[in-house]
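Input: a single structure, listed below in C-alpha cells.
The values are calculated or read from the model by the stated rules, or taken from the named source; none is laboratory data. Quick caveat, the model's predicted, so the values are computed rather than measured. When we count neighbours, we look across all protein chains shown, and the Cβ atoms used for this are built from the backbone with ideal geometry, even at glycine. Calculation scope for accessible area: heavy atoms of the full protein, side chains included, ligands and nucleic acids excluded. Shrake-Rupley method; radii C 1.70, N 1.55, O 1.52, S 1.80 Å.
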Amino acid sequence: MHEYDLIIAPLISLVCIAIGLIVYLYDSKSSAGKVFAVISCSIGVWILGAFLSDIRSIDQYSLFFNRLVFVALFFLMGGLLYLPFVFPNRSKFATYIKWPLVIFSVFFGIFALVTPYIVAKIEFEDWGSNLTYGNYFMIFTVFAFAAIIISLVKFIINYLRSKPEERTKLRLFFEGLFLFMLITIIVHVVIRNIVGSDEFYRFGNYAAVIFVAFTAYAIVKHQLFNIKVILTEIAVAVVSGSLFVEIFLSKTPLEWGTSILLWIIATYGGYLLIKSVIREIKFREELQVMAEQLGHANAHLKELDQMKTEFVSLASHELLTPVSAIEGYLSMLLDEHMAKVEDPKAVKYLTNVYSSAKRLARLIADMLNISRIEEGRLLVEKKDINLSELVLQAIDEIHFKADEKKQRIVFENDEIRMTKSELNKNDQNQKFETYGDADKIKEVVINLIGNSIKYSKDPGTISVHIEKVPTPWVQEKWQKIEEDIKSRPLDDQEAIHSAVDEHFRNFVGSTQLMIAVKDQGIGIPKEELPRLFKKFHRVGDYTTAESQGTGLGLYISRALVELHHGRIWADSEGPGKGSTFTFTLPDISDKEELLKMEAQAPKKESLKPLAKPTKAAEDI
Ligand code: ADP
C-alpha cells in the first residue's frame, strides 16, 4: 500500500457514497435513482473495504473487510443487472425481477459476510496478504459474470431502441463505463503484466468513480438545477453554522453583540440567496419545458405545412380543370362570331363573370405553381436563350395594356416597336445570352412589366434595361438585403427563406446579366421592399384600392429567377417616386459550370410544367 492510497481510497469511496446519496435524495421518485444509489454506494463500500483490509495495523479485521467487499460486490452486481430495466425507462420486466434480485443479493450478501463459504480465510505473508476463497465462491463468479453480460446486452438493446434525448443519457453511461474499463485494463493487464509494476493496480478500482460520476450525471441530467440549490444550501448552512458557533465563543458583550448581528445578517442573506436561486431555477425549468413544447409545436407545424402544400396542390389541380372550362365557354359566349347574346345587360354581366373566372383561374394556377415549386416538382427545361429577343417578345405581348394606361415602354433606350433586325444591329457588340427556360423567364419579365403598368397612375415611361455586371457586385447587394431582413421582426424574417434548392440557386460564373424594369409609378415605401417577395404580400391599402392582385406574382417570380441561379430585388425612393425591379441571370459563357452544379441536385420524379393560365396580359 502506498501513501497516496491513504488519501485517495477513502476520498473516492466517500465521493461514490456521496454521489449515490445525492442522486437518491434528488431522484428518489424514479427507480433509476434508487438503483443507482445502491450501485454507487456498493462501489464506495467495495473500495473502502479493500483499502481497510490492506492496513496491517488492523489485520485482525482484515477477513471481515474482505467479506464486506463481497457483500458490496453482490449488491453491485444485483444493481448492475437491474439498472438497464429501469434506465432510461422502466421496462415491464422490472417488476418481475426486482424482488428476486433483492432477495438474492441480500441473502448472499449476508452469506458472504457471516460464513466462510465465499471468503474462507486470509493469511499474511511478508509480501502481502493471501486470500483463500470458500467452496461456494463459484456462486459469486457465475452471478457476476451473468449480471455483467445481461446488463450490457440489455443496455445495448435500450440504446438501439432509444429516442434521441435518451440516447445522450445512455451514451454518457457507456462513456463512463468505457473509461472505467479502459483504465482497469491498462492498470491490471498492461502495467501489471507487461510493464511488471504493481504500483498502480488499485487505480483500476478507483476509476470506478468515473463511471459513477458519468452515470449520476446521466440520471440527474434534467434535475441538475436542483444540485445548485443543495450546494447553495450547504454553503449557507456552513457559513451560518460557523457564525453561530462564534456566538458561543464570544467573550465580551461587544463581541457577543457583533456575532449575533453578523449571524442574523448572514443567515437572512443566505435565506434570500436560496430563495433567489430557487426562483431562478423554477424560471429556467419553466423555460426548458416551454422550449421543449415549442420544439414539438414546430415539428407539428412543419408536418401541417407539408400536408397543406399537398392539399393545395391536389385541390388546385382538381379546381383548375372546371374553372378553365367555365372561362373557355364564357369567352365563346362573348365572342360575337360564335354566339349571340342580345341583351346588353346580359353581355355586361357575362363580361364581369368572365373576368372573375379568369382571375380565379389565374389564382388557382398560381397556387398550383407555388406548390410545385415548393415541392421541387416544377419542370424547368433549359436551353440557350437570347435575352434581348425574349424581352422584346414579352414587351410585344403586353404593350397594348400599357397603351391603355398611357405607359410608354422603352427597351434599351429605344421605342418598343423596334424590330428584330434593328435590335440585332443594336446588339452587335453586346450579346445578352443566357441558359434557361424561356417560358419561365418571360413569365418573370411580363410579371414585372405588368406590375409597373398596374401600379402606375399617371402617364409615364417604363424602361427595360439589360447589362452585364460582376458577380461579386450582385453578391454584395444580396448580402445587404439579407442582413437587412435578419435585423427585422420575426414575421419579416420569413422573407429570407427561399423556396428553391441551393443547387439551382447558387451563383455561377464571374459575370451576371442584369435585367432592370424601372417605372414612374406609385413607388414603394422603403420598409416594404424586402417583404414584396413574400407569399401573399401586398403593400398597404393605397395600392390594393387601386387594383386587384393576389400578392403571389413576385413570390413566384423570385422562385423562377432563383431556379436560374439568379436573384431578384426591388428599389424605390419611396411612395410616388417610382420603382425599379431588378433580376439577374447567369451568362451563357458559364453554362458548363451551371450544368455541373445542377447535375448534383436531388432528382425529383413527376416533374410538372408551369400551370396555365399564367399571368396573361389581359389580367393586368
Ligand atoms: P399582385 O400584383 O398580384 O398584388 P405581386 O406579388 O406581383 O402581387 O406584387 C406584390 C405587391 O408588390 C403588390 O401588391 C404591390 O403592392 C407591390 N408592387 C409590385 N410591383 C410594384 C410596382 N412596380 N410598383 C409599386 N408597387 C409594386
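A single entry from 591, 526, 535 fulfils the requirement of being touching a residue at least 12 places away in the same chain (Cβ under 8 Å) and within 11 Å of the ligand (Cβ to nearest atom): 535.
Candidates in region 561-605 are the residues that are out of contact with any Phe, Trp or Tyr (no Cβ under 7 Å at 6 or more places or on another chain) and among the polar types (S, T, N, Q); of these, the one that is surrounded by the most Cβ atoms within 10 Å (Cβ to Cβ) is 584. Restricting 531, 558 to residues that are at pLDDT below 90, buried (at least 18 other Cβ atoms within 10 Å of the Cβ) and in a helix (DSSP H, G or I) narrows the list to 531. Only a single item in (1) under 26 Å from residue 91 (Cα atoms); (2) in contact with a Gly (Cβ under 9 Å, 6 or more places away or on another chain) is not met by residue 167, and it is number (2).
Taking the numbered list (1) out of contact with any Gly (no Cβ under 9 Å at 6 or more places or on another chain); (2) of a type in the set (A, V, I, L, M); (3) at pLDDT 95 or above; (4) away from the ligand (no atom under 12 Å from the Cβ) in turn, residue 585 passes all entries but (1). When we screen 225, 211, 244 for residues that are at pLDDT below 75 and in contact with a helix residue (DSSP H, G or I) (Cβ under 6 Å, 6 or more places away or on another chain), the only hit is 225. For region 471-520, which residues satisfy the criterion of being under 31 Å from the mean Cα position of the chain (by Cα), open to solvent by 60 Å² or more (accessible area, probe 1.4 Å) and among the small types (Gly, Ala, Ser)? Correct list: 487 only.
In this structure, residue 456 does not satisfy being among the small types (Gly, Ala, Ser), open to solvent by 30 Å² or more (accessible area, probe 1.4 Å), within 16 Å of the ligand (Cβ to nearest atom) and under 30 Å from residue 402 (Cβ atoms).
Tell me, please, whether a residue that is surrounded by fewer than 17 Cβ atoms within 10 Å (Cβ to Cβ), among the aromatic types (Phe, Trp, Tyr), part of a strand (DSSP E or B) and in the same structural domain as residue 10 (by TED's automatic domain parsing) can be found in region 135-150. So far as region 135-150 goes, no, none of its residues is surrounded by fewer than 17 Cβ atoms within 10 Å (Cβ to Cβ), among the aromatic types (Phe, Trp, Tyr), part of a strand (DSSP E or B) and in the same structural domain as residue 10 (by TED's automatic domain parsing).
Quick check on my filter: what residues within region 141-178 are closer than 26 Å to residue 118 by Cβ and aromatic (Phe, Trp, Tyr)? If the condition is that a residue be closer than 26 Å to residue 118 by Cβ and aromatic (Phe, Trp, Tyr), then 143, 145 are the ones that fit. Scanning region 346-375 for residues that are under 26 Å from residue 436 (Cα atoms) and either out of contact with any Leu (no Cβ under 9 Å at 6 or more places or on another chain) or open to solvent by less than 30 Å² (accessible area, probe 1.4 Å) (or both) gives 362, 364, 365, 366, 368, 369, 370, 371, 372, 373, 374, 375.
Results for (1) open to solvent by 80 Å² or more (accessible area, probe 1.4 Å); (2) in contact with a Ser or Thr (Cβ under 8 Å, 6 or more places away or on another chain); (3) over 20 Å from residue 364 (Cβ atoms), shown as yes or no for each residue.
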| site | (1), (2), (3) |
| --- | --- |
| 251 | yes, no, yes |
| 266 | no, yes, yes |
| 276 | no, no, yes |
| 287 | yes, no, yes |
| 311 | yes, no, no |
| 323 | no, no, no |
| 327 | no, no, no |
| 337 | yes, no, yes |
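Of the helices (runs of 4 or more DSSP H) lying entirely inside region 1-93, the ones with 3 or more residues being within 45 Å of the chain's Cα centre (by Cα) and surrounded by fewer than 19 Cβ atoms within 10 Å (Cβ to Cβ) are found at 3-26. Scoring residue 408 on the criteria (1) open to solvent by less than 40 Å² (accessible area, probe 1.4 Å); (2) part of a strand (DSSP E or B) leaves a single failure, condition (1).
All conditions but one from (1) within 9 Å of the ligand (Cβ to nearest atom); (2) at pLDDT 95 or above apply to residue 566; the one that does not is (1).
The single condition from (1) hydrophobic (A, V, I, L, M, F, W, C); (2) open to solvent by less than 50 Å² (accessible area, probe 1.4 Å); (3) part of a helix (DSSP H, G or I) that residue 380 fails is (3).
This table checks each residue for (1) outside the structural domain of residue 558 (by TED's automatic domain parsing); (2) modelled with pLDDT under 90.
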{"residue": "337", "(1), (2)": "yes, yes"}
{"residue": "345", "(1), (2)": "yes, no"}
{"residue": "351", "(1), (2)": "yes, no"}
{"residue": "354", "(1), (2)": "yes, no"}
{"residue": "362", "(1), (2)": "yes, yes"}
{"residue": "372", "(1), (2)": "yes, yes"}
{"residue": "385", "(1), (2)": "no, no"}
{"residue": "388", "(1), (2)": "no, no"}
{"residue": "393", "(1), (2)": "no, no"}
